[in-house]
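Working notes for the structure below.
The values are calculated or read from the model by the stated rules, or taken from the named source; none is laboratory data. For clarity, every value in this text was computed on a predicted model and none was experimentally measured. Here the Cβ positions follow ideal geometry from the backbone for every residue, glycine too, while neighbour counts run over all protein chains shown. Remember, those area values only see protein heavy atoms, side chains included, never the ligands or the DNA or RNA. Shrake-Rupley method; radii C 1.70, N 1.55, O 1.52, S 1.80 Å.
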Amino acid sequence: KSGIDESSLENPDLGPFLLKLARDTIASGDNPNKALDYAIRASKSFERCSGPGLELAMSLHVLAAIYSSLGRFEEAVPVLERSIDVTDDALAKFSGCMQLGDTYSMMGRLDRSIRCYESGLKIQIEALGDSDPRVAETCRYLAEAHVQAMQLDEAENLCKRTLEIHKEHSAPASLEEAADRRLMALVCEAKGDYESALEHLVLSSMSMIANGQENEVAAIDVSIGNIYLSLGRFDEAIFAYQKALTVFKSTKGESHPSVALVFIRLADLYHKTGKLRESKSYCENALRIYAKPVPGTTSEEIASGLTEVSAIYESLDEIQEALRLLEKAVKLVEDTPGNRSTIAGIEAQMGVMFYMVGRYGDARISFENAVAKLRASGESKSAFFGIVLNQMGLASVQLYRIDEAIELFEEARKILEQECGPCHLETLGVYSNLAATYDAIGRVEDAIEILEYILKMREEKLGTANP
């Protein structure tokens, strides 16, 4: 019974019994608060009877998992930190680090999450050596987190390491190697190295075909289509997309979000080739699927799709429809710490559109909301954050809030200088905005200094005869 008094926690049989009760309660899907009560008491019993050690660490892992399932991440963090401290068992320490990383990830704290995964990887390598297949899985996990944080060099190095380990331990054309190559392709694509990305995707596809993974092959075909689209090889892109579409329709059904996603890719392709009627028709096909989603479709999937369709409508100059879709997307995504970055991205996009139609007050509010969420997520040093600050500064200028605009441009300049370098187009854009606002408040010397620097950079990059 959960009404056990504190003195009975001294019984050495009680900890394992309560921990089993906690696990059984979770598995049955019954009252999670009852499971939490059992897990708290189990941890107290282990603490009193056996003190620090493996049993206490394992009970703390269960306790933290229940806190997380209830959305109480702040309470899960100290429990996991303690679980790492109370044991010398390498596997338990590793599990604690990884679980802590996952918890920070759900809180939207990607920077801390990555640090925990790195600690876990270090412990695992010390215990198993650096070429164990389990180390490869952790490397890939960490690489995925680096991709999410747009830390592409770190992700690429980890992917190379994972590939080397799997080549050593797995059969040629294994599913593990296929997964590694898909992630490597994603990194290469993000770095603009499309040819390498294509090579990895083709090799990954061959492995999946050899293993009879039809749906996975179709998903890779979509990625291959994306690369061909980026390279301007439109006929090959259409062929890849249509191939994927045929498989998804036959295996998942006509109304599956995977089908909608291919429709969006085709809409984007036809927009880029100037076939606007076809582009809009594919957008409408995708929206029909999102309007009546099949069971199992997540609200995040729908919101992501609506955001992509919105970007195409924006390009078609249908701003009001684009805004309507973004507003719908924001309502679909629950405002939890793990979703903050996603919502911030949508709000920033809304801010740009409000600005385009002259609704500067609404634009500023959208940018302000996005900035607050990005700060809370620990992303206040990213290039994207700098770009959003710059856009918020422009909206502030239109509202004659010049002093505020200067603060925003100055913060954006520091971030973009750090992340992109002083010669990057985004950084030079912020310099121009800062010069104009300095000029507006009478800081003429400061404005001239910045403009002279911009002129020098442009002469170096473009030549002195460029308009």
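For region 369-386, the count of residues that are touching a Phe, Trp or Tyr at 6+ places or on another chain (Cβ under 9 Å), at pLDDT 95 or above and not assigned by the TED database to the domain that holds ILE114 is zero. Just one residue in the set ARG134, ARG48 is of a type in the set (Lys, Arg), open to solvent by 60 Å² or more (accessible area, probe 1.4 Å) and over 28 Å from the mean Cα position of the chain (by Cα); that residue is ARG48. Here are the criteria: (1) touching a residue at least 24 places away in the same chain (Cβ under 8 Å); (2) surrounded by 20 or more Cβ atoms within 10 Å (Cβ to Cβ); (3) closer than 26 Å to GLU164 by Cα; (4) in the same structural domain as GLU55 (by the TED database). Tell me which single one LEU121 does not satisfy. If we test LEU121 against (1) touching a residue at least 24 places away in the same chain (Cβ under 8 Å); (2) surrounded by 20 or more Cβ atoms within 10 Å (Cβ to Cβ); (3) closer than 26 Å to GLU164 by Cα; (4) in the same structural domain as GLU55 (by the TED database), just (1) comes out false.
Among the residues in region 237-253, are any under 26 Å from GLU144 (Cα atoms) and either of a type in the set (D, E, K, R) or not in a helix (DSSP H, G or I) (or both)? Scanning region 237-253, I find no residue that is under 26 Å from GLU144 (Cα atoms) and either of a type in the set (D, E, K, R) or not in a helix (DSSP H, G or I) (or both), so the answer is no.
Assess whether ASP268 counts as being under 23 Å from MET353 (Cβ atoms), in a loop (DSSP other than H, G, I, E, B) and open to solvent by 20 Å² or more (accessible area, probe 1.4 Å).
no
Is there a residue in region 358-368 that is touching a Gly at 6+ places or on another chain (Cβ under 8 Å), touching a residue at least 12 places away in the same chain (Cβ under 8 Å) and within 29 Å of PRO257 (Cβ to Cβ)? Checked against the condition, which is being touching a Gly at 6+ places or on another chain (Cβ under 8 Å), touching a residue at least 12 places away in the same chain (Cβ under 8 Å) and within 29 Å of PRO257 (Cβ to Cβ), region 358-368 yields at least one hit. Only residues that are over 18 Å from VAL371 (Cα atoms) and open to solvent by 50 Å² or more (accessible area, probe 1.4 Å) were counted in region 425-456, giving 17. Against the conditions (1) of a type in the set (A, V, I, L, M); (2) free of Cβ contacts under 8 Å to residues at least 60 places away in the same chain; (3) touching an Asp or Glu at 6+ places or on another chain (Cβ under 8 Å); (4) within 29 Å of SER382 (Cα to Cα), MET98 satisfies every one except (3). State whether the residues of region 177-192 include one that is free of Cβ contacts under 8 Å to residues at least 40 places away in the same chain and more than 23 Å from ALA145 (Cα to Cα). Taking every residue of region 177-192 in turn, none turns out to be free of Cβ contacts under 8 Å to residues at least 40 places away in the same chain and more than 23 Å from ALA145 (Cα to Cα). Return the residues of region 1-27 that are open to solvent by 70 Å² or more (accessible area, probe 1.4 Å) and either hydrophobic (A, V, I, L, M, F, W, C) or modelled with pLDDT of 80 or more (or both); say none if nothing qualifies. Answer for region 1-27, where residues must be open to solvent by 70 Å² or more (accessible area, probe 1.4 Å) and either hydrophobic (A, V, I, L, M, F, W, C) or modelled with pLDDT of 80 or more (or both): PHE17, LYS20, ARG23, ASP24, ILE26, ALA27.
Looking across region 165-186, the residues that are open to solvent by 20 Å² or more (accessible area, probe 1.4 Å), assigned to a helix (DSSP H, G or I) and over 13 Å from ALA143 (Cβ atoms) come down to LYS167, GLU168, HIS169, LEU175, GLU176, GLU177. Restrict the check to region 187-201 and report whether at least one residue is open to solvent by 30 Å² or more (accessible area, probe 1.4 Å), part of a helix (DSSP H, G or I), in contact with a helix residue (DSSP H, G or I) (Cβ under 7 Å, 6 or more places away or on another chain) and of a type in the set (Lys, Arg). No - not one qualifying residue is present in region 187-201.
Selection of first residues in region 440-462 that are part of a helix (DSSP H, G or I) and of second residues that are surrounded by fewer than 11 Cβ atoms within 10 Å (Cβ to Cβ), restricted to Cβ pairs under 8 Å at least 6 apart or on distinct chains, gives the following pairs, ordered by first then second residue: ARG458/ASN466. The set of residues in region 276-327 being basic (Lys, Arg) and either closer than 19 Å to ARG265 by Cβ or in contact (Cβ under 8 Å) with a residue 24 or more places away in the chain (or both) consists of ARG277, LYS280, ARG288, LYS292.
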